[in-house]
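Student: Quick one: the structure is below, questions incoming.
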Amino acid sequence: MTYHELYVYAKSRLSDYEAMCLMEDIFGIDRLGLAIHGSDIPESGIEFMTAIEKRFSGMPLQYATGKAYFMGRQYFVGEGVLIPRDDTEVAVDECIKFMTGNERVIDLCSGSGIIAVTLAKEFPKSEIYAVELESGAYEYLEMNVKYHNANVKLIHDSIFNENCVDGKFDIIISNPPYIRTDIIPDLQNEVQYEPKTALDGGNDGLDFYRCIAEKWIPKLKKGGKIILEIGEEQAKDVSKLLEMQRITQICVVKDIQELDRVVFGTMKK
Ligand SMILES: C[S@@+](CC[C@H](N)C(=O)[O-])C[C@H]1O[C@@H](n2cnc3c(N)ncnc32)[C@H](O)[C@@H]1O
């Protein structure tokens, strides 16, 4: 089948927008390319047809194409790793504001590596660490760090083992699992494709924040920053956990939908 025939078939199964996303991600061809090369026959036609069927059956578009985008960079994704969300930009933006370029930073629960890779690419002289436990996610973390040639030190371990890395940090940043266990089955269908281990924050959704507060804040240098992505109803509880560990100047930042999305603060000097 030609590019044009494949595109017409994709549009019969999916929306025009998604058909075009698949054309771009799998063939690297946009509307203009399609107009010019429409009658050519691509080599990866079978991969394209498989992606259409996966998406048609409800799989998230990013898993069907194997690619996702975050702050202008492309990442490899697949079942086993959380699909990057634009919401996470709020935490990364705050972190970038605090950085000058020679900080020691750790990204806890790194997943596909979007946070660590962005920081390493923006500040190549900083010392950036990424911790991820789940092998399915860690594979993508490794792949994305390599693909971007990012200067990130990888740690395949649980954040519940705070001894997996030595020394103190200028910045601790994390987007940990934070959804209450009981509401996970009610999340929309597409989210059900994503690993539960990336979502499940325990009975009250706060297990990972408690771990970070108790085990990781003591590894923050005086004057260091902690930046945590949170669920929209968690600002109060997470702020309290930080306060209990001598974190001051605690602030809550909202996302573009005006929902609480990040809590950050400073380690007492
Ligand atoms: C909400 S996802 C965030 C991924 C990534 N930081 C992002 O923003 O897209 C949480 C991640 O924590 C990882 N994770 C779960 N339990 C962990 C643990 N005990 N130690 C380290 N990572 C863990 C999951 O595998 C998942 O990749």
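Student: When you go through (1) modelled with pLDDT of 95 or more; (2) out of contact with any helix residue (DSSP H, G or I) (no Cβ under 7 Å at 6 or more places or on another chain) one by one for MET59, which number turns out not to apply?
Tutor: Status for MET59: all satisfied but (2).
Student: Now, a different point. Does GLY167 count as surrounded by fewer than 16 Cβ atoms within 10 Å (Cβ to Cβ) and in the same structural domain as GLY136 (by TED's automatic domain parsing)?
Tutor: For GLY167, the condition - surrounded by fewer than 16 Cβ atoms within 10 Å (Cβ to Cβ) and in the same structural domain as GLY136 (by TED's automatic domain parsing) - is met.
Student: Residues being more than 13 Å from ASN203 (Cα to Cα) and either crowded, with 16+ Cβ neighbours inside 10 Å or within 12 Å of the ligand (Cβ to nearest atom) (or both): count how many of those fall in the range 170-192.
Tutor: Selection size over the range 170-192: 8.
Student: Look through ALA35, ALA68 and report the one residue that is free of Cβ contacts under 8 Å to residues at least 12 places away in the same chain, outside the structural domain of ILE128 (by TED's automatic domain parsing) and aliphatic (A, V, I, L, M).
Tutor: ALA35
Student: Quickly run through the range 90-121 and pick out the residues that are away from the ligand (no atom under 16 Å from the Cβ) and not aromatic (Phe, Trp, Tyr).
Tutor: Within the range 90-121, LYS97, MET99, THR100, GLY101, ASN102, GLU103, ARG104 qualify.
Student: Assess whether VAL117 counts as being buried (at least 24 other Cβ atoms within 10 Å of the Cβ) and in contact with a strand residue (DSSP E or B) (Cβ under 7 Å, 6 or more places away or on another chain).
Tutor: It is true that VAL117 is buried (at least 24 other Cβ atoms within 10 Å of the Cβ) and in contact with a strand residue (DSSP E or B) (Cβ under 7 Å, 6 or more places away or on another chain).
Student: Are any residues in the range 125-160 surrounded by fewer than 17 Cβ atoms within 10 Å (Cβ to Cβ), without any contact (Cβ under 8 Å) to a residue 40 or more places away in the chain and either within 8 Å of the ligand (Cβ to nearest atom) or closer than 16 Å to MET71 by Cβ (or both), and if so, which ones?
Tutor: If the condition is that a residue be surrounded by fewer than 17 Cβ atoms within 10 Å (Cβ to Cβ), without any contact (Cβ under 8 Å) to a residue 40 or more places away in the chain and either within 8 Å of the ligand (Cβ to nearest atom) or closer than 16 Å to MET71 by Cβ (or both), then ASP157, SER158 are the ones that fit.
Student: Follow-up. Name, by its number, the condition in (1) touching a residue at least 24 places away in the same chain (Cβ under 8 Å); (2) over 18 Å from the mean Cα position of the chain (by Cα) that does not hold for LYS240.
Tutor: Status for LYS240: all satisfied but (1).
Student: Can you tell me which residue in the range 47-89 is nearest to VAL191 (Cα to Cα), limited to those that are among the β-branched types (Val, Ile, Thr) and within 11 Å of the ligand (Cβ to nearest atom)?
Tutor: The extreme case among them is ILE83.
Student: Something else: Only one of these conditions is not met by ARG73: (1) at pLDDT 95 or above; (2) surrounded by fewer than 16 Cβ atoms within 10 Å (Cβ to Cβ). Which number is it?
Tutor: ARG73 satisfies every listed condition except (2).
The values are calculated or read from the model by the stated rules, or taken from the named source; none is laboratory data. Keep in mind that this is a model prediction, so the values were computed, not measured. With ideal geometry, Cβ positions are generated from the backbone for all residues, glycine too; neighbour counts draw on all protein chains shown.
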